[in-house]
Amino acid sequence: MFKNVLLRVLALGAIAGMSLFANQLDDIKASGVVKIAVPQDFPPFGSASKDMSVQGYDVDMGKYIAEKLGVKLKLVPVTSANRIPYLQTGKADLIISSLGKNEQRAKVIDFTNAYAPFFLGVFGSKDIAVSSIKDLSGKTVGVTRGSVEDLELSKIAGSDVTIKRFEDNSTTISAFISGQTKLIATGNVIISDIANKFPDSTPETKFTIKNSPCYIGIKKKQPEVEIFLNDLISELKANGKLNETSKKWLKIDLPKDL
């Protein structure tokens, strides 16, 4: 008997605990507005346009969500430092701000599936046949000195790979554009910048060195929100819209393993 009473108490406690976290998805629909935190100084994910509105990959993702919910979109410009506090205090309902996932952040917020690629890799001219670290044997790769990609490539490259280091990203890019190097190790965001400035010289992705995709940040214990967003991300992948967004802003196809 005591055991049955205990089970009932635990069950009631669980229900009460769940009630402390109202269904945020229903609340958003009822309000008619979804508040989404987006970057304002990190192109191509989010930056100010000529008319001072915010535009970018993350903004387009926010538009998809608002459209699917049937509500108005309110963009909330944030920085890397305040985006999580904005979510926690209710200033934003969701974070779509080139947000990576790690253990520390997972203690205070939850994450959806990945919606955008963010990675370091080796990129190069189409005429260079490279698809893995083994294919770099005997080749030269340009990299920005002391960068994360420099450190990561140095860990895995063999002694027969020449790593040519430049002092900053601009010099690394210039070396590739001028043909001084036909391969560079950098981030996909830098590649999108090259594609915007030098569309005829856009390098293609050869392989990934380090992968750190972007996730949507959501409040803790909001399973309805998480399911809704994950379903939408899957839908956008399946119908090709997310790939179109990636090509539009990042100038690359959405990675197959995203």
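Here is a list: GLY100, GLY32, GLY90, GLY46. Which entry is touching a helix residue (DSSP H, G or I) at 6+ places or on another chain (Cβ under 7 Å) and either modelled with pLDDT under 95 or surrounded by fewer than 14 Cβ atoms within 10 Å (Cβ to Cβ) (or both)?
On the way: GLY100 fails: touching a helix residue (DSSP H, G or I) at 6+ places or on another chain (Cβ under 7 Å); GLY32 fails: touching a helix residue (DSSP H, G or I) at 6+ places or on another chain (Cβ under 7 Å); GLY90 fails: touching a helix residue (DSSP H, G or I) at 6+ places or on another chain (Cβ under 7 Å).
Selected residue: GLY46, the only one of GLY100, GLY32, GLY90, GLY46 that is touching a helix residue (DSSP H, G or I) at 6+ places or on another chain (Cβ under 7 Å) and either modelled with pLDDT under 95 or surrounded by fewer than 14 Cβ atoms within 10 Å (Cβ to Cβ) (or both).
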Worksheet item: Name the residues in the stretch 177-207 that are of a type in the set (Phe, Trp, Tyr) and touching a residue at least 40 places away in the same chain (Cβ under 8 Å), would you?
Response: PHE207
Practice prompt. Within the stretch 97-139, track down each residue that is under 18 Å from ILE191 (Cβ atoms), among the β-branched types (Val, Ile, Thr) and in a strand (DSSP E or B).
Written response: VAL122
Worksheet item: Could you say whether any residue in the stretch 29-50 is charged (D, E, K, R), touching a Leu at 6+ places or on another chain (Cβ under 9 Å) and either outside any strand (DSSP E or B) or within 26 Å of ASN243 (Cβ to Cβ) (or both)?
Response: yes
Practice prompt. Confirm whether SER125 is at pLDDT below 95, among the polar types (S, T, N, Q), surrounded by fewer than 15 Cβ atoms within 10 Å (Cβ to Cβ) and more than 27 Å from SER97 (Cα to Cα).
Written response: no
Worksheet entry | the stretch 218-239 residues that are surrounded by fewer than 19 Cβ atoms within 10 Å (Cβ to Cβ), paired with ones that are at pLDDT below 95 (beta carbon under 6 Å, 6 or more apart) | LYS221/PHE21; GLU224/ASN23
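The values are calculated or read from the model by the stated rules, or taken from the named source; none is laboratory data. Predicted model, so just to flag it, every value in this text is computed and none were measured. Positions of Cβ are backbone-derived with ideal geometry, glycine not excepted, and every protein chain shown enters the neighbour counts.
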